[in-house]
Amino acid sequence: MNVAIVKYNAGNIYSVVNALRRMGIEPLLTDDAEELGKADRVLFPGQGEARGAMEYLRARGLDRVIRDLRQPVLGICVGQQLLCHHSEEGDTQCIGIFDADVKLFVPVRHEEKVPCMGWNALTDLKSPLFKGVEESEYVYFVHSYYVPLCGHTIATTGHILSYSAALHKDNFYATQFHPEKSGSTGERILKNFMEI
């Protein structure tokens, strides 16, 4: 299978590369529109800041390339957020696949920390992406911004409030958590994506 990872100025890409290699997949890391278009699966991972990431993507036309992809696409962490309509981080217009806005966590009590960092349980699983994953299995999160529950939500988790742990629309899937850092559960989710 030909798997491509969108190359842009975001961290965490190499942990995704290594996770795929452990699964026997040698991904292509590229920002070339033709290569992305030819891939069987495209991953759009990232850690970083929304405004800078979108400026980089727009300068290279990658925002349009990603929007036009027709094969299964998986956004991860900031990748999920950039697939939404707008982010409060830097008041950023994003790619707009998901009709949802990305919000900043606002602590209500002293013990509620931002960023959300650590293992949280997945609930309300609604997609083949979670085939073989049990309700309340744990995956790894690290983020300060979140996508509220919406019509695209296919998994829920909670930190300060309930929010979207994963989204789906058409050929686009996205996770706020890091499957590549989530042990056997994350590996199962990546395998499921490859089989969609």
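In whole Å, how far is the Cα centre of region 142-196 from that of region 104-140?
Region 142-196 and region 104-140 have Cα centres separated by 9 Å.
Name the residue farthest towards the positive end of the dipole of region 68-112 from the options CYS84, PRO72, HIS110, assuming +1 on Cβ of Lys and Arg, -1 on Cβ of Asp and Glu, about the Cα centre.
In region 68-112, that residue is PRO72.
Work out the length of the dipole vector of the chain about its Cα centre, built from +1 on the beta-carbon of each Lys and Arg and -1 on the beta-carbon of each Asp and Glu, and round it to the nearest 20 debye.
Charge dipole of the chain: 240 debye, to the nearest 20.
Let me know the number of lysine pairs in the chain closer than 18 Å at the Cα, not counting same-chain pairs under 8 apart.
Lysine pairs meeting both conditions in the chain amount to 7.
Need the C-alpha centroid separation for region 1-58 versus region 62-84, integer Å.
If you average the Cα positions of each part, the centres end up 10 Å apart.
Going by the alpha-carbon gyration tensor, a ≥ b ≥ c the square roots of its eigenvalues, is region 47-113 rounded (a/c under 1.5) or, if a/c is not under 1.5, prolate (a/b greater than b/c) versus oblate?
Judged from the Cα gyration tensor, region 47-113 comes out prolate (a/c at least 1.5, a/b above b/c).
How would you order 103-110, 91-98 from highest to lowest mean count of nearby Cβ atoms within 10 Å?
Result, highest mean first: 91-98, 103-110.
Taking the Cα atoms of region 155-196, report the difference between the largest and smallest coordinate on each principal axis, in whole Å and largest first.
Result, largest extent first: 33, 27, 10 Å.
Could you please state how large a percent of the accessible area of the chain is carbon and sulfur, counting protein chains only and using a 1.4 Å probe?
For the chain, the apolar C and S fraction of the accessible surface comes to 48 percent.
Looking at the chain, send over the antiparallel percent of its DSSP beta bridges, to the nearest 5.
Percent antiparallel among DSSP bridges in the chain is about 60.
Give me the tail of P(r) for region 49-196 as a percent: Cα-Cα pairs with distance above 25 Å.
24
Give me the accessible area per residue for the chain, probe 1.4 Å, as a whole number in Å².
I get 44 Å² per residue for this part.
Suppose a student asked you for the relative contact order of region 135-196, using Cα pairs under 8 Å spaced at least 6 residues apart; what percent would you report?
30 percent.
What is the magnitude of the charge dipole of region 78-129 about its Cα centre, with +1 placed on the Cβ of each Lys and Arg, -1 on the Cβ of each Asp and Glu, and no other charges, expressed in debye to the nearest 20?
Dipole magnitude for region 78-129 comes out near 180 debye.
Percent relative contact order of region 1-58, based on C-alpha pairs within less than 8 angstrom and at least six residues apart?
Computed value for region 1-58: 52 percent relative contact order.
The values are calculated or read from the model by the stated rules, or taken from the named source; none is laboratory data. Keep in mind that this is a model prediction, so the values were computed, not measured. FYI the Cβ positions are ideal-geometry reconstructions off the backbone, even for glycines, and counts take in every protein chain you see. Accessible surface is based on the protein model in full, side chains and every heavy atom, while ligands, DNA and RNA are left aside. Shrake-Rupley method; radii C 1.70, N 1.55, O 1.52, S 1.80 Å.
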